[in-house]
Amino acid sequence: MPQEFKTKLKEKKQLTPDTWALTFDLGVQTLVFQMGQFVMLKILLQEKKDFAVNEGRKQLQYRSYSIASSTAEKNFIELIVKKPADGFVSRYLTDIMDIGDELSTMGPYGNFILPENPPYESIVFIAAGSGVAPYLSMMRTVNRSTLPIRLHLLFSNKTESDIIARKEIENTCDGNSLLSYDFTLTRADGSWQGRKGRINIDMLAPHLSNKKRTTWYLCGAPAVVNEVNALLEGAGISPNDIKQEIYN
C-alpha cells in the first residue's frame, strides 16, 4: 500500500561521471516493497549556494526512481540518480542537497516486480544505463536468499566508465553460480575486451533455447526497450514473457 513518509538524505556516492547512489534514511519508519518497485520524491527546491530556483520553474517537483536496495533493508532506501546536462532537479539532488536534508517520499509503486516465488526457471535482465537500478534490488535480494532461479544481466552502456555498480555486479555474480552478467559498450575504446555494440539478437541467442521457462525483463530508455522487445518477439518470445519498465 503506497504511503507518504519523511526521508532524510544519509549518503551520496558517485558511481559514474553522471550517476549517483543516494541513500535515504527512513528513521523509525519501515518501507515494505517488492523487488523492482519505485518511489516518488516530492522535492521542494530551496535556494542554496550555487543553486537558484529559476523563474518559470515550479518550486515543487516530483521525480520517480526505482529502489536499488534489497527488500531486506527496511530502514533505508537506495536510489540511482542520473544527472543529464540539463537536469536541474537531478543536479539539486546530487550536488546541492546536504546530508541530513529531508524530503517527502511516496510509494512504493509499480508492477515491474520479481515475485518472491517466481514461476520460471531463469530470468534475463536487459538494462541500459540507469535502467539497472531495479535489477540491483533484485540481484541483492536474490543473492541473500535461497531462491533456485538463474538470473542473467545483459547491461548496455556507452563507455566503460559508465557501467554503474560494475564491481558489485562482478563480485556478486562471481560468488553465486546462479547469477551471471555480460556488459556491452556502444562506444568502446581499443582496450575494451568485452562485448561491443548495441544489444542484438546474437547477444540474446544463448538464452533463447529455453523459451518456455525463461522470462525477460527490459528496463531503460524507450529506444532500447522497444528495440529489444522487437528482437524478442521476432525470435518467437511471447509478449506474456516480456516485462518492461521504460525510463523517460
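The values are calculated or read from the model by the stated rules, or taken from the named source; none is laboratory data. None of these values were measured; they are calculated from a predicted model. Cβ sites come from the backbone with ideal geometry, for glycine too, and all protein chains shown count toward neighbours.
Within region 57-69, identify whether any single residue is on the phi > 0 side of the Ramachandran plot, in contact with a strand residue (DSSP E or B) (Cβ under 9 Å, 6 or more places away or on another chain), at pLDDT 95 or above and part of a loop (DSSP other than H, G, I, E, B), and answer yes or no.
Initially, region 57-69 is screened for residues on the phi > 0 side of the Ramachandran plot, giving none.
No, the conditions are met nowhere in region 57-69.
Applying a threshold of 9 Å to beta carbon distances and a minimum spacing of six or more residues, or different chains, the list of pairs starting in region 1-25 at a residue that is assigned by TED's automatic domain parsing to the domain that holds PHE38 and ending at one that is among the basic types (Lys, Arg) and in a loop (DSSP other than H, G, I, E, B) reads ASP18/LYS83; THR19/LYS83; TRP20/LYS83.
Considering region 200-230 alone, what residues qualify as being part of a loop (DSSP other than H, G, I, E, B) and of a type outside the set (A, V, I, L, M, F, W, C)? Can you show your working first?
Of all residues in region 200-230, those part of a loop (DSSP other than H, G, I, E, B) come to 200, 208-210, 221.
Within region 200-230, ASN200, SER209, ASN210 qualify.
Condition (residue is part of a helix (DSSP H, G or I), more than 17 Å from ASP25 (Cβ to Cβ) and at pLDDT below 95) applied to region 94-109: is it met by at least one residue? Yes, region 94-109 contains at least one residue that is part of a helix (DSSP H, G or I), more than 17 Å from ASP25 (Cβ to Cβ) and at pLDDT below 95.
Restricting attention to region 1-44 and to residues that are touching a helix residue (DSSP H, G or I) at 6+ places or on another chain (Cβ under 7 Å) and hydroxyl-bearing (Ser, Thr, Tyr), the residue that is surrounded by the most Cβ atoms within 10 Å (Cβ to Cβ) turns out to be THR19. Counting only residues that are closer than 23 Å to ASN111 by Cβ and more than 19 Å from the chain's Cα centre (by Cα), how many does region 27-67 have? Looking only at that region, the number is 2. Might you let me know whether region 238-248 holds any residue that is surrounded by fewer than 13 Cβ atoms within 10 Å (Cβ to Cβ) and either in a helix (DSSP H, G or I) or in contact (Cβ under 8 Å) with a residue 60 or more places away in the chain (or both)? Yes.
Here's the yes/no breakdown for (1) closer than 25 Å to ILE164 by Cα; (2) exposed (fewer than 12 other Cβ atoms within 10 Å of the Cβ); (3) without any contact (Cβ under 8 Å) to a residue 40 or more places away in the chain:
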{"position": "LEU60", "(1), (2), (3)": "no, yes, yes"}
{"position": "GLU78", "(1), (2), (3)": "yes, no, no"}
{"position": "VAL81", "(1), (2), (3)": "yes, no, no"}
{"position": "VAL89", "(1), (2), (3)": "yes, no, no"}
{"position": "ASP95", "(1), (2), (3)": "yes, no, no"}
{"position": "ASP98", "(1), (2), (3)": "yes, yes, no"}
{"position": "LEU103", "(1), (2), (3)": "yes, no, no"}
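LYS49 - would you say it is out of contact with any His (no Cβ under 6 Å at 6 or more places or on another chain), under 15 Å from MET97 (Cβ atoms), surrounded by fewer than 18 Cβ atoms within 10 Å (Cβ to Cβ) and not aromatic (Phe, Trp, Tyr)? Taking the combined requirement at face value, the residue satisfies it.
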